[in-house]
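Okay, so here's the structure we're looking at.
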Amino acid sequence: MKQFVIPAAAALLIAACSSTPSGSDQAGGAPVETRGGPGVATVTGGGVDSRGLPAALTDPKSILSKRSVYFDYDSYEVKAEYKDLVTAHAKFLTDNRQFKMLIQGNTDERGSREYNLALGQKRADAIKKMLALLGAREDQLESVSLGEEKPKNEGHNEAAWAENRRGDMLYSGEF
Amino acid sequence: MSGIESATRRLGRLFAAASLALLQATAHAELTIEITGAGANRIPVAIADFGGDAASSRVVTSVIRGDLERSGLIRIVDTGSLVMTEASPVAYPEWRGRGADALVAGSIGASDDGRQEARFRLYDVNKQNVLAGSAFVTSKAMLRAAGHRIADVIYEKLTGEPGIFSTRVAYVVRSGPARYELHISDADGQNAQIALISKEPIISPSWSPDGSRLAYVSFENKKPVVYVHSLASGKRAVVANFKGSNSAPAWAPDGRKLAVVLSKEGGSQIFLVNADGSGAQRLTSDGAINTEPSFSPDGQYVYFTSDRGGSPQIYRIAVGGGEVQRVSFEGSYNVTPRISPDGNTMAFISRRDGSFRLAVMDLASRQVQILSDSHKDESPTFSPNGRMILIATEMGGRGVLSAVSTDGRIKQRLSITAGDVREPAWGPFGR
């Protein structure tokens, strides 16, 4: 068993110079870019939701405050227990045409990242299709997938996986 | 190994001032490579310390020895502290006595233009002749690159296949809950540089065939969007940002088109787009999942993953469209097809007894061989000479990279102390 470890200083040194053997090769540096700059924290004052959402969407007593649909392993079928929830959101979107919704599909960590991205998309699409059938307009809806990349629960057991096999219905200002 | 460290430390002190300016561009965490399996009949090669400046010589000879040893096909014969230049007389019987089949000697000297020149000769000890000899002009800071070039020549002469020591590897490091970095390092894990830092995930890097650009998926806009990133300039272009998800970029071998997966028309469908994102043409029509496109090296077919048959399996379709052929049959989860550079072998991930394992299929006979015994293998990528397959896997709860030869004999593990390593993509040969 052998280990090859080069101190960071050596790597820095190598990166610092750009000449290459035989002078003709382009194996130069890869400049750094930083994306997703610092955000600005929003303070919430008395009673007004920071995102400007009506109380009906945020009141814990309202069914509309619930946003998640959970799925079985490797499945993108919306289970019967979520029918009332999806129906309530479809009605809200029908009554409030100025609102737009982003539906994010998620999966557990098992399997290929890209396949999971497609599986999460199927989940988001299934919720979107149901919302559209119940009256929401196509231009109010966008379904995207986060695959296994943004787990709500970072654990590696069935309980965590079940929490991560999920579609979230988010209104403008929430994503 | 202490030889490498002391020599590079010395060089490090020399250039400490120069290196500070580039601190930002260089990865702090180092990728370490551990050999966990080697070929059965390794060629014994003696590599004497090169003549000329001792510190420079130590860098070059250490790189050559490290590269060749790590290949798994070559065994390094101990040469003690012997210094031999390319002009030194060769005592063939003595080297044969020490069990070497080949001998390398060389020197580091000043070139005509004031830079440094690494010269070497490779001798066949049994036939008592010179197999190869060459010189690489280099700056002091690029001595490691010269070492990789020399190792490539030696490897090719001795094994008959091109060496991959001068190639580069891209991978993603997650170093914190909201810190993702796209790294580019040399094939030996050294000289890592950061191409992109983001608070959101980065997945599926894919090298352009000329090695100048990377396509990848970034979630920096809260949804998957495909970018093409020119490494030398850092310029980025959005290639696919349609309504819905945009993912799984794969370059066509001619570098003019990319296959991408778009959900804009419902479901996940494979499209061909020009490298600037224009002219999207839909390739798949089935309503099921269609993803993970990968071109055959001749550019004629796109291999992909689909659940159209009820479980995820690998299929292929001609780039011009037409009938879809199923490629994988054994088991209920076969994903992420990648075709070897010679077009004969497909690497993929197969679920066996609940574990996700690297598998290879001989495309002519359809014979499948499982190459790993781990549980969470992902993202196979071939070395450009087709000898090795690099994958992401998990060790002790952390993401590491693992390289295995296509015959399963040679195994290496690449890990980073400061985070999870994932999503490897092996770059092409340099020009």
Relative to the longest principal Cα axis of chain B, at what angle does helix B:2-14 sit, 0 to 90 degrees, rounded to 10?
-> 90
Sequence of B:Phe120, B:Phe219, B:Phe429 once ranked by neighbouring C-beta atoms within 10 Å, starting from the fewest | B:Phe429, B:Phe219, B:Phe120
Rh by Kirkwood over Cα pairs, then Stokes-Einstein D for the stretch B:27-178 at 1.567 mPa s and 4 °C, µm²/s = 80
Sorted from largest down, what three extents in whole angstroms do the Cα atoms of the stretch A:68-171 have along their principal axes?
-> 41, 25, 18
Counting DSSP beta bridges in chain B, what percent are antiparallel, to the nearest 5?
-> 90
Averaged across the residues of B:305-311, what count of C-beta atoms belonging to other chains lies within 10 Å of each residue's C-beta?
-> 2
Mind pulling the angle between the C-alpha long axis of helix B:54-70 and the longest principal axis of chain B? Nearest 10 degrees, somewhere in 0 to 90.
-> 50
Take peptides B:396-408, B:300-312 and line them up by average Cβ neighbours within 10 Å, highest first, as a rough protection proxy.
-> B:300-312, B:396-408
Straight-line reach from A:Lys61: which aspartates and glutamates have Cα under 16 Å away, leaving out those fewer than 8 places along the same chain?
-> A:Asp49, A:Asp84
Taking a 25 Å limit on the Cα-Cα distance, which of the listed pairs A:Lys122/A:Lys152; B:Lys140/B:Lys235; A:Lys150/B:Lys376; A:Lys83/B:Lys199; A:Lys122/B:Lys235; A:Lys129/B:Lys376 fall beyond it?
-> B:Lys140/B:Lys235; A:Lys83/B:Lys199; A:Lys122/B:Lys235; A:Lys129/B:Lys376
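To the nearest whole number, what is the average tally of beta carbon atoms from other chains within 10 Å of the beta carbons of peptide B:133-142? Each step should come with its number before you reach the end.
Numbers: counts 0, 1, 2, 4, 6, 6, 6, 3, 7, 8.
The mean count of partner-chain Cβ atoms within 10 Å per residue comes to 4.
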Expressed as an acute angle from 0 to 90° and rounded to the nearest 10, what is the orientation of the C-alpha long axis of helix B:143-159 relative to the principal long axis of chain B?
-> 80
If you project the alpha carbons of the protein assembly as shown onto their three principal axes, what span does each projection cover, largest first, in Å?
-> 91, 58, 43
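Could you tell me how many cubic angstrom of Cα convex hull volume the stretch B:162-300 has per residue?
120
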Rg/Rh ratio calculated on Cα atoms of the stretch B:147-201 (Kirkwood radius) = 1.20
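Between A:Ala55 and B:Ser374, take the C-beta separation as r, use R0 = 35 Å, and let me know the FRET efficiency to the nearest 0.05. Show your work: numbers first, answer last.
Details: r = 51 Å, r/R0 = 1.45.
The pair A:Ala55/B:Ser374 has a calculated efficiency of 0.10.
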Under the 7 Å Cα-to-Cβ spin-label approximation, A:Lys152 and A:Lys79 lie apart by a distance in nanometres of 1.3
Amide H contacts under 5 Å for B:Leu283, placed H, 5+ residues apart | B:Ile270, B:Phe271, B:Leu272
Given only helices, namely DSSP H runs of n ≥ 4 each adding -39500 (n - 2.57), what is the per-residue ellipticity at 222 nm of chain B, to the nearest 500 deg cm²/dmol?
-> -4000 deg cm²/dmol
Antiparallel DSSP bridges in the protein assembly as shown: what percent, to the nearest 5?
-> 85
Hey, got the average number of other protein chain Cβ atoms within 10 angstrom for residues in A:140-150?
-> 5
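Which of rounded, prolate or oblate describes chain B when judged by the alpha-carbon gyration tensor and an a/c cut-off of 1.5?
On the way: a/c = 2.16, a/b = 1.65, b/c = 1.31.
Judged from the Cα gyration tensor, chain B comes out prolate (a/c at least 1.5, a/b above b/c).
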Could the peptides B:380-390, B:169-179 be put in order, highest first, of the mean number of other beta-carbon atoms found within 10 Å of their residues?
-> B:380-390, B:169-179
Determine the percent antiparallel among the DSSP beta bridges restricted to the stretch A:80-175, to the nearest 5.
-> 45
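Bear in mind that the values in this text are calculations on the coordinates, not laboratory data. Note that the structure is predicted; figures quoted are calculated from it, not measured. Reconstructed Cβ throughout: ideal geometry from the backbone, glycine too, with neighbour counts over all protein chains shown.
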